[in-house]
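The values are calculated or read from the model by the stated rules, or taken from the named source; none is laboratory data. None of the values given here were measured: they were computed from a predicted structure. Cβ coordinates were reconstructed from backbone atoms using ideal geometry, including for glycine residues, and neighbour counts include every protein chain displayed. Quick note on the areas: whole protein, heavy atoms, side chains included, nothing else; ligands and nucleic acids left out. Shrake-Rupley method; radii C 1.70, N 1.55, O 1.52, S 1.80 Å.
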Amino acid sequence: MRRALLLLVLVAGCGDDAPPPVETTVGRLTARIASSPAQITLLVDGVEVWRTNAGEGKGKDKHEAPHGFAAIGSRATTVEMNFGAFRFTEQKDSEVWRAIGELSEVTVTDTGATFTLLAGGEQVGTGTITLTDHLRIRLEADSTDRIQIATPCPADEHLVGLGGQSFDVDHRGETVPLFVQEDGIGKYDDPDDVYAGLWFLTGRKHSTHTPMPMVVSSKGYGLAVDTNGRAVFALGPEAHPDASRFEAWDQVLDVRVFPGGPAEVVGAMSGWVGRTARPPLSAFAPWVDAIFGSANVRRVAQKLRAEGIPAAAIWTEDWRGGNDSVSGYALKENWRVDRSLYPDLEALAAELHGQGFAFLTYHNTFIDDLADIYAEAIGNGYAIKDRSGQPYSFTGITITGQSKLLDLTNPAAVSWAKGIMAEAIALGSDGWMADFAEWAPTDGVLASGEDALAVHNRYPVDWAKMTKEILAPHPGSLFFLRAAWLHSQPHAQIVWPGDQQTSFEDGDGLPSVIPMSVNLGLAGFPYIGSDIAGYMSMGTVPTTEELFYRWTTFGAFNPVMRTHHGRQARQNWQWEQDAATTAHFRRYARLHMQLAAYLWGCAGMFERDGLPLMRLPALAFPDEDWAWTTLDEYLLGDRLLVAPVQVKGATSREVRIPAGRWYPLLSGAAVMGGAITAQAPMTEIPVFIPEGALLVLYPDGVDTPRAAPQLPAATIAGDAREVWLYSGTAKDPAHATWNDQNGTAGVAQWTWTGRPAGTAPASATFDGAPVTLTSNGEWTAVTVTGDGTLAFAGGGTLTVQRGTNTPTIVRLRH
């Protein structure tokens, strides 16, 4: 509903010479615009929720960015690329900022307002305000290299998000440059402008494949800067702790401000930028890598089924070739199948399909000088060019040779590449890892004529869009990528957080995955899973038994559970290492397969509300301060609190429990909110669920959600379910309901009333008829069939309304 446009003249508080501010209202949102000093304030239902700083707010001199309303500035910057890392060298004494301290010609429109930007009394550009469900401020300078806006930054404000950041979730106090690049091999808490040693190999604090100019505040708003240029978010840094700056290396600053609590803001932002379609159910069952040729891939697939390890996908990264090198097992950079390793790829794919596996492969956009498609690609002009008109050449990922990069602004190049990559589908591939997309040179010449630096960040968006378009005609296909920028969201099916080190180190080892995953979730990437158990071993040791065990338990509680052989494929500890490791992997792969039913419902919640599957606890518990800053806990869906052990040698850890009474998911006494110590031997992971909740799962023993015509004895995921009920009364009533397709976003098919905790029920009925209970320690189990009401003696009813006549195993936690 839109209210009539409102224009108010506010006299109180205005100086004699200052024009009065004006207000423009659309629906519940009002923008108040002051001309001198310039300031914009957002109100919701008449209550202020956000504002810019006022006036010029000049820095110490013309070379320092101001912290007033807005500013434009020049750049004196050189950019160097090496191995997909970028070094920015700014000559700050040669850069000049101009503060925009006043507005003129403020004119109310049907959707907001327009105005003119003034710096020192001189017109330097124009501005537009648009009100919908959020505030859009668009400032366009007549001429500039960079443009910014500034806001207050209270000392107690939390500012979370910014994409794949691995050291922090709350970035208050940080200046964060946002530019798509390699994370680095090993990542250190170094300032982003300190390029020490082999700067192009190791990452700095905010180096990431997936930066996102999107932030969520604890003060009731979220903010995004819509640009393809480099962005800088200075969020109350040490030099100016009371102000935040939002800067774009662009001539236009397009700012979106979303009012609301954190969950509402995350939903609104993902609704604006666009949401990816739900992947097939196979995405939520385990994926297992298999390489080294057709015979070994067959062996792995057969062993998985023989060992009772569920899996829905085999992914074969080296289908284009691979060989052992001094740095480990390296992929060849061809684009087509390597017939020496995979002479019968078509038959292999057909066998895997018959056993209930999707078959996944690999692609990237490098045009290596030794690649099978090199002559065709270069001869047709499909690579990005240098300023002399020749293909832009750089040292490639093979290290020893040169490479070029596909020009994704060239429609002919894109069409050609789609055709080559689609050949894999004809051979039996069901999708692939869409790797890289960070290496686009900033000084290249593009077919589109665009400035390469200005659109560098868009390259992964175009790569994701291209991959999606190739696979769109093929239902059930899967793809996963590691690089992204704003507007990748609707195209990126699944994201993995890069090539972690095989270590317990912060920044780039196992502990980096939770911050990256929840930050990406805040930015609208719901489907994510990391390499079990890391990829790179440069500067560290190959995957150890302990690391594999810990990463496996953690991976089981990711939306996507996927193994990776790693660079040291012949030395890394793998699931086949010994009988104990195979049993450990089997246990957690089976648990993840059960969780696929829950994850599927959570996908429906993302589709409606925009809430990711791996969630920062603050989305559900915004009043708990720790929930904004935690780096080692998260919510999986709306009701599982996951707290993996990520410290080498540790067998216990502190867990922060939200207010209320929570049960350990599998076993153990209930705990109350606050800090507790959870015991977790190497085989275990602390996971908690609130009292009174229910958890709808697949029954244990499902092999795959895909048809397996060659394995008639395989158990295929269907309508049968297993539901776990927890005693007590749900503090959040939504935790006691579920819809198979859409979680709490759908009409309840499962409803649990809760029951008094502490004792096992003596009996139960289903639709009035007695049913047989079996009790084992903390749990009581019963099997019922079809719809109806299960009533336990002593209290507690489960109502099932699914419209199916399939069995349900019900397990009650006393």
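Just to check your reading of the model, which residue among Ala426, Ala417 is surrounded by 14 or more Cβ atoms within 10 Å (Cβ to Cβ) and either under 23 Å from Asn82 (Cα atoms) or of a type outside the set (Lys, Arg) (or both)?
Numbers: Ala426 fails: surrounded by 14 or more Cβ atoms within 10 Å (Cβ to Cβ).
Going through Ala426, Ala417 in turn, just one is surrounded by 14 or more Cβ atoms within 10 Å (Cβ to Cβ) and either under 23 Å from Asn82 (Cα atoms) or of a type outside the set (Lys, Arg) (or both): Ala417.
Yes or no: the range 89-101 includes at least one residue that is among the charged types (D, E, K, R), modelled with pLDDT of 95 or more and surrounded by fewer than 16 Cβ atoms within 10 Å (Cβ to Cβ). Scanning the range 89-101 turns up no residue that is among the charged types (D, E, K, R), modelled with pLDDT of 95 or more and surrounded by fewer than 16 Cβ atoms within 10 Å (Cβ to Cβ). The residues of the range 100-118 that are more than 15 Å from Ala34 (Cα to Cα) and not polar (S, T, N, Q) amount to a single one, Asp110. The residues on offer are Asp625, Asp609, and the sole one that is touching a helix residue (DSSP H, G or I) at 6+ places or on another chain (Cβ under 7 Å), surrounded by fewer than 23 Cβ atoms within 10 Å (Cβ to Cβ), at pLDDT 95 or above and of a type outside the set (Gly, Ala, Ser) is Asp609.
Taking Thr765 as the residue in question, decide whether it is open to solvent by 20 Å² or more (accessible area, probe 1.4 Å) and part of a strand (DSSP E or B).
Details: open to solvent by 20 Å² or more (accessible area, probe 1.4 Å): yes; part of a strand (DSSP E or B): yes.
In short, yes.
Yes or no, residue by residue, for (1) out of contact with any helix residue (DSSP H, G or I) (no Cβ under 9 Å at 6 or more places or on another chain); (2) free of Cβ contacts under 8 Å to residues at least 40 places away in the same chain:
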site: Ala745; (1), (2): no, no
site: Gln749; (1), (2): yes, no
site: Arg755; (1), (2): yes, no
site: Thr759; (1), (2): yes, no
site: Ser763; (1), (2): yes, yes
site: Ala769; (1), (2): yes, yes
site: Thr774; (1), (2): yes, yes
site: Thr785; (1), (2): yes, yes
site: Ala793; (1), (2): yes, yes
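Restricting the range 185-233 to residues that are of a type in the set (Lys, Arg) and closer than 30 Å to Asp623 by Cα, the residue that is least open to solvent (accessible area, probe 1.4 Å) is Lys205. The single condition among (1) surrounded by 24 or more Cβ atoms within 10 Å (Cβ to Cβ); (2) closer than 17 Å to Pro211 by Cβ that Asp499 does not meet is (1).
Listed by first and then second residue, the pairs linking a residue in the range 479-504 that is on the phi < 0 side of the Ramachandran plot and modelled with pLDDT of 95 or more to a residue that is assigned to a loop (DSSP other than H, G, I, E, B) and among the acidic types (Asp, Glu), with Cβ atoms under 7 Å apart and 6 or more places separating them unless they lie on different chains, are Arg482/Asp435; Ala483/Glu438; Leu486/Asp226; Gln500/Asp508; Gln501/Asp508. Going by the conditions given, is Gly419 at positive phi and at pLDDT 95 or above? Judged against the criteria, Gly419 is not a match.
Looking at the structure I just gave you, is Asn776 under 29 Å from the mean Cα position of the chain (by Cα) and open to solvent by 30 Å² or more (accessible area, probe 1.4 Å)?
Numbers: under 29 Å from the mean Cα position of the chain (by Cα): no; open to solvent by 30 Å² or more (accessible area, probe 1.4 Å): yes.
Taking the combined requirement at face value, the residue does not satisfy it.
Going residue by residue through the range 430-452, is there one that turns out to be at pLDDT 95 or above, farther than 25 Å from Asn228 by Cβ and open to solvent by less than 10 Å² (accessible area, probe 1.4 Å)? Checked the range 430-452: at least one residue is at pLDDT 95 or above, farther than 25 Å from Asn228 by Cβ and open to solvent by less than 10 Å² (accessible area, probe 1.4 Å).
Taking first residues from the range 591-620 that are part of a helix (DSSP H, G or I) and partners that are charged (D, E, K, R) and open to solvent by less than 10 Å² (accessible area, probe 1.4 Å), the Cβ contacts under 8 Å between residues at least 6 apart in sequence or on separate chains come to Pro617/Glu633.
Scanning the range 703-751 for residues that are part of a strand (DSSP E or B), out of contact with any Pro (no Cβ under 9 Å at 6 or more places or on another chain) and open to solvent by less than 30 Å² (accessible area, probe 1.4 Å) yields Val723, Trp724, Leu725, Trp738, Trp750.
Pairs meeting the criteria (first residue in the range 124-135 and closer than 17 Å to Ala268 by Cβ, second residue among the basic types (Lys, Arg), beta carbons under 6 Å, at least 6 apart or on different chains) are Thr130/Arg136; His134/Arg256.
Quick one: would you say Gly668 is on the phi > 0 side of the Ramachandran plot, in contact with a strand residue (DSSP E or B) (Cβ under 7 Å, 6 or more places away or on another chain) and open to solvent by less than 30 Å² (accessible area, probe 1.4 Å)? No. Exactly one condition in (1) assigned to a loop (DSSP other than H, G, I, E, B); (2) surrounded by fewer than 17 Cβ atoms within 10 Å (Cβ to Cβ); (3) among the small types (Gly, Ala, Ser) is not met by Ser166; state its number. Checking Ser166 against (1) assigned to a loop (DSSP other than H, G, I, E, B); (2) surrounded by fewer than 17 Cβ atoms within 10 Å (Cβ to Cβ); (3) among the small types (Gly, Ala, Ser), the one that fails is (2).
Residue by residue, here is whether (1) touching a Leu at 6+ places or on another chain (Cβ under 6 Å); (2) modelled with pLDDT of 95 or more; (3) open to solvent by 20 Å² or more (accessible area, probe 1.4 Å); (4) among the basic types (Lys, Arg) holds:
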| residue | (1), (2), (3), (4) |
| --- | --- |
| Leu510 | no, yes, no, no |
| Ser517 | no, yes, no, no |
| Tyr535 | no, yes, yes, no |
| Phe557 | yes, yes, no, no |
| Gln571 | no, yes, yes, no |
| Trp575 | no, yes, no, no |
| His584 | no, yes, no, no |
| Arg590 | no, yes, yes, yes |
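Mind listing whichever residues of the range 169-184 are open to solvent by 10 Å² or more (accessible area, probe 1.4 Å) and out of contact with any Gly (no Cβ under 7 Å at 6 or more places or on another chain)? Across the range 169-184, the qualifying residues are Asp170, Glu174, Thr175, Pro177. For Met269, the criteria (1) hydrophobic (A, V, I, L, M, F, W, C); (2) touching a Leu at 6+ places or on another chain (Cβ under 6 Å); (3) more than 20 Å from His565 (Cβ to Cβ); (4) surrounded by 20 or more Cβ atoms within 10 Å (Cβ to Cβ) hold in every case but one, which is (2). Every condition in (1) in contact with a strand residue (DSSP E or B) (Cβ under 7 Å, 6 or more places away or on another chain); (2) more than 30 Å from Ala224 (Cα to Cα); (3) surrounded by 22 or more Cβ atoms within 10 Å (Cβ to Cβ) holds for Leu345 except the one numbered (1).
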